[in-house]
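Chemist: Questions regarding the structure given below will be posed in turn.
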Amino acid sequence: MTPFHHLLASLTFDGTGQWRVNASDDWRQGRTIYGGLSAAMCHAACEAMLADLPPLRSAQIAFIGPAAGEAVLLPSVLRQGKSVRYLNCDLMADGALATRALFAFGGARDSAFHLDAGAAPAVPRPEMCADFFGERHPAFAAHFEMRLAGGDRPVTGAQSGELLVWVRHRDAHAPAGLTSLLAMADALPPASITRFAAPAAISSMTWQVDMVDAARYQPQQWVLMQAKDEAVQHGYSGQTMRMWDSMGAPILVGRQCVAIFA
C-alpha cells in the first residue's frame, strides 16, 4: 500500500500551473479514486499554489466522473478579499473533469457571538468496538482504522440509515492539517447503504464540509464520524455528516447528495 504521506509527497508541479499525482490502486473506491482523497489532493494543490492561505472554513466538492491513474490538478484563485479567499481546483483524469472543488479560506475575526455545534452522542470507546467493515471493504478503507460505535452495518436491511464509526489514519506519519482531515472525512459509506437488503451501487454526487473547529483534529487520534440520511426519494438521498474529536468536541459538519441504484 502507498501510505498517505508518501502519496501527498508525490504531488508534483509541472511548471505550467498544473499539479500531478498518481494514486495507486489501493486508494480506489470501485472504478475511481476514493472521493476523500480527490478532495484532499485538490486542497493540497491549492495550498501548494498559495502558501499563506488562511484556515479553510468551507468546501463544496462535486464528484463529476471517475478518476483513475494519473490525476492532473488545476487550482485557481477566484477572489482574494480582505479576510476571505475563494479558490477552485479541478481534478482531471484521462482528459475529462472528474472532481471540482470550491474552497473558502477565511481568517479569524472578532465577533460577539459563539455557538458550538452539538457534542458527540454517548458511544463505547474505540477499543470496545468491533471492526466496521470486516474482511470485505473498498480498497481505500485499508488506509483507515474503523470501528463501529453505533447505527447499523452496511447492507443489513435496516429500517434507518445511520452510521456511527470511530476512524483514524493507519499512516502514523499522516501530517497534521486539513489535507489529512479531508482525506479521512469521507471514509464512511453513504448512510442509506444500511437500508440495502442486497449489494447495489451507491455513489456520492456532492459533498459540502463546514469547519467548526478544525484545530481539534489530530491525525493519529480517533475521531467519531456520523452519517445519517434525512430523505431518500427518486433514487437519491440527502444526508448529514458530523465529526467529533476523541473527547466529543465538534470538528466539522457536512452534507452529501447520494445517488442510489437500488
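The values are calculated or read from the model by the stated rules, or taken from the named source; none is laboratory data. Here the structure is a predicted model, which is why all the values come from computation and not from measurement. Here the Cβ is made from the backbone with ideal geometry for all residues, glycine too, and neighbour counts use every protein chain on show. What goes into the accessible areas is simple: the full protein's heavy atoms, side chains included, and nothing from ligands, DNA or RNA. Shrake-Rupley method; radii C 1.70, N 1.55, O 1.52, S 1.80 Å.
Chemist: Please enumerate the residues belonging to segment 92-113 that are over 10 Å from residue 65 (Cβ atoms) and part of a loop (DSSP other than H, G, I, E, B).
Modeler: 95, 107, 108, 109, 110, 111, 112, 113
Chemist: Any residue at all in segment 203-212 that's out of contact with any Asp or Glu (no Cβ under 6 Å at 6 or more places or on another chain) and not in a strand (DSSP E or B)?
Modeler: To start, the set of residues in segment 203-212 that are out of contact with any Asp or Glu (no Cβ under 6 Å at 6 or more places or on another chain) comprises 203-212.
Retained after the next criterion (residues that are not in a strand (DSSP E or B)): 212.
Yes - at least one qualifying residue is present in segment 203-212.
Chemist: Which numbered condition in (1) buried (at least 24 other Cβ atoms within 10 Å of the Cβ); (2) touching a helix residue (DSSP H, G or I) at 6+ places or on another chain (Cβ under 7 Å); (3) not β-branched (Val, Ile, Thr) is the only one that residue 28 fails?
Modeler: Unmet for residue 28, out of (1) buried (at least 24 other Cβ atoms within 10 Å of the Cβ); (2) touching a helix residue (DSSP H, G or I) at 6+ places or on another chain (Cβ under 7 Å); (3) not β-branched (Val, Ile, Thr): (1).
Chemist: Quickly run through segment 159-171 and pick out the residues that are modelled with pLDDT under 95 and over 20 Å from residue 242 (Cα atoms). Before the answer, list the steps.
Modeler: Taking segment 159-171 and keeping what is modelled with pLDDT under 95, we get 159-160.
Selection gives 159 alone.
Chemist: Please work out which one of (1) open to solvent by 20 Å² or more (accessible area, probe 1.4 Å); (2) touching a strand residue (DSSP E or B) at 6+ places or on another chain (Cβ under 7 Å); (3) over 19 Å from residue 252 (Cα atoms); (4) not charged (D, E, K, R) is the condition residue 80 fails and give its number.
Modeler: Against the list (1) open to solvent by 20 Å² or more (accessible area, probe 1.4 Å); (2) touching a strand residue (DSSP E or B) at 6+ places or on another chain (Cβ under 7 Å); (3) over 19 Å from residue 252 (Cα atoms); (4) not charged (D, E, K, R), residue 80 comes up short only on (2).
To keep it simple, each residue is scored yes or no on (1) in contact with a helix residue (DSSP H, G or I) (Cβ under 9 Å, 6 or more places away or on another chain); (2) of a type outside the set (Phe, Trp, Tyr); (3) surrounded by fewer than 16 Cβ atoms within 10 Å (Cβ to Cβ); (4) without any contact (Cβ under 8 Å) to a residue 24 or more places away in the chain.
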site: 50; (1), (2), (3), (4): no, yes, yes, no
site: 61; (1), (2), (3), (4): yes, yes, no, no
site: 67; (1), (2), (3), (4): yes, yes, no, no
site: 86; (1), (2), (3), (4): no, no, no, yes
site: 96; (1), (2), (3), (4): no, yes, yes, no
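Chemist: Which condition number does residue 230 fail, the rest of (1) over 13 Å from the mean Cα position of the chain (by Cα); (2) crowded, with 16+ Cβ neighbours inside 10 Å being met?
Modeler: (2)
Chemist: Which of the residues that make up segment 206-227 are hydrophobic (A, V, I, L, M, F, W, C) and buried (at least 16 other Cβ atoms within 10 Å of the Cβ)?
Modeler: Passing the criteria: 207, 209, 211, 212, 214, 222, 223, 224, 225, 227.
Chemist: Conditions first: (1) under 21 Å from residue 134 (Cβ atoms); (2) of a type outside the set (Phe, Trp, Tyr); (3) open to solvent by less than 20 Å² (accessible area, probe 1.4 Å); (4) in contact with a helix residue (DSSP H, G or I) (Cβ under 7 Å, 6 or more places away or on another chain). Residue 156 passes all but one, so which condition is the exception?
Modeler: (3)
Chemist: Okay, moving on. Six or more apart or on different chains, Cβ atoms under 7 Å: show the pairs whose first residue is in segment 176-201 and modelled with pLDDT of 95 or more and whose second is basic (Lys, Arg) and not in a loop (DSSP other than H, G, I, E, B).
Modeler: 191/228
Chemist: Tell me, please, whether a residue that is at pLDDT 95 or above, among the β-branched types (Val, Ile, Thr), assigned to a loop (DSSP other than H, G, I, E, B) and more than 17 Å from the chain's Cα centre (by Cα) can be found in segment 116-131.
Modeler: yes
Chemist: Name the residues in segment 239-254 that are assigned to a strand (DSSP E or B) and either surrounded by 16 or more Cβ atoms within 10 Å (Cβ to Cβ) or acidic (Asp, Glu) (or both), would you? Quick ask: steps written out before the conclusion?
Modeler: Our first condition is that a residue be assigned to a strand (DSSP E or B); within segment 239-254, this holds for 239-244, 250-254.
Those that are assigned to a strand (DSSP E or B) and either surrounded by 16 or more Cβ atoms within 10 Å (Cβ to Cβ) or acidic (Asp, Glu) (or both): 239, 241, 242, 243, 244, 250, 251, 252, 253, 254.
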